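Here the structure comes first, spelled out in structure tokens, and everything after it is commentary.
Read-outs: derived from the displayed coordinates by stated rules, not from any lab. Keep in mind that this is a model prediction, so the values were computed, not measured. Cβ: placed from backbone, ideal geometry, glycine included. Neighbour counts: every protein chain shown.
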Amino acid sequence: MAHIVAVHSMKGGVGKSSLSVNLADAAARAGKRTLLWDIDAQGGATFLLGADAGASKAKRIFSKTTAAATLVQPTAIAGLDLIAADLSLRQLDAALAEADKPKRLKKLLDDLAPAYDIVILDCPPGLGELSDQIFRAADLVVVPLVPAPLSIRTLEQVREHLAAYHKKPPALLPVFSMVDRRKTLHRQIVEAQPDWPAIPQASVVERMAVERKPLAAFAATSPAASAVGKVWVQVSAALS
């Protein structure tokens, strides 16, 4: 049965999709049968993997008339499959709430799980019905954070939400993202949490959007790729 890893942030623009893609790539390279499910309507992970958007099909997977496996597509990376996102997902949160389907996502993941060792969810930002379904289904939630006070506050808000509304919350793994060690505040915040992995702000990460590939495919020896490797080690340890 597959482990479910959600990459979730309350805020956008924190490197969530690039981290999702790089973790999925790391899992596949480690020999894991891996599925990356892009549930963010912006489709960042879909784009970064060089795939086409789901042509307004992505939302259909949440209806009982569409089998989850029919939207799975292979990627150029051996061992890594994708369920692509598109703009049809932009109103998914409201649709799930109106349809009263609190376990729909978990049911879909249960259907997909036998074919994979790990499923990574690239989640939309914010808190709502969809995020609650994600939290109920996930074994681990990876939370990318820019090292700044407001970003740290969003992590606390997620923790408070889980404590208030989830009897069995998933484990959280905070990951510092877009770290600029030239900034005193960044250094201070990162040094205050030495157990949290940290990914540097680097042009090579931004170049993923040009190459449309994970870091290991074109910049395997970069510090950013090395940092992602350390995140994968912690993810693996948390799931073992």
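Rounded, prolate or oblate: pick one for segment 120-225, where a ≥ b ≥ c are the square roots of the eigenvalues of its C-alpha gyration tensor, a/c under 1.5 means rounded, and failing that, prolate if a/b is larger than b/c, else oblate. Could you put the intermediate results ahead of the total?
Details: a/c = 2.40, a/b = 1.42, b/c = 1.69.
Oblate, since a/c reaches 1.5 and b/c is not below a/b.
Per DSSP H run of at least 4 residues, take -39500 (n - 2.57); add these up for the chain, divide by its residues and hand me the 222 nm value, nearest 500 deg cm²/dmol.
-12000 deg cm²/dmol
Sequence-distant or interchain residues sharing an amide H contact under 5 Å with residue 36, placed H: which?
81, 82, 83, 120
How big is the charge dipole of the chain about its Cα centre, in debye rounded to the nearest 20, if each Lys and Arg gets +1 on its Cβ and each Asp and Glu gets -1 on its Cβ?
100 debye
Loop-only check: which trypsin sites (Lys or Arg not before Pro) in segment 52-154 are DSSP coil with at most 16 other Cβ within 10 angstrom? Walk me through the numbers on the way to the answer.
Values: sites: 57, 59, 60, 64, 90, 103, 104, 106, 107, 136, 153; in loops: 57, 64, 103.
Within segment 52-154, the qualifying trypsin sites (Lys or Arg not before Pro) (loop, at most 16 other Cβ atoms within 10 Å) are 57, 64, 103.
Could you give the radius of gyration (one decimal) and Dmax (whole number) of the Cα atoms in the chain, in Å?
16.8, 53
Can you bin segment 64-160 into rounded, prolate or oblate? Criterion: square roots of the alpha carbon gyration tensor eigenvalues sorted a ≥ b ≥ c, rounded for a/c under 1.5, prolate for a/b above b/c, oblate for the rest.
Oblate.
What are the ³J(HN,Hα) couplings of segment 217-226, residue after residue, when phi is run through the Karplus curve with 6.51, -1.76, 1.60 and θ = phi - 60°? Round to Hz, x for glycine and proline.
Computed from phi, the couplings for segment 217-226 are 7, 9, 8, 5, 9, 6, x, 5, 5, 5 Hz.
Name the lysines eligible as straight-distance cross-link partners of residue 59: C-alpha to C-alpha under 29 Å, and not fewer than 8 places from it in the same chain.
Partners within reach: 11, 16, 32, 101, 103, 106, 107, 167, 168, 213.
What are the ³J(HN,Hα) values, in whole Hz, obtained from phi via the Karplus relation 6.51 cos²θ - 1.76 cosθ + 1.60 with θ = phi - 60°, for each residue of segment 167-180 in sequence order, with x given for Gly and Pro?
With coefficients 6.51, -1.76 and 1.60, one gets 5, 10, x, x, 5, 10, 10, x, 9, 6, 10, 6, 7, 10 Hz.
When the Karplus curve 6.51 cos²θ - 1.76 cosθ + 1.60 is applied with θ = phi - 60°, which whole-Hz ³J(HN,Hα) does each residue of segment 227-239 get, with x for Gly and Pro?
5, 5, x, 5, 4, 4, 4, 5, 4, 4, 5, 5, 8
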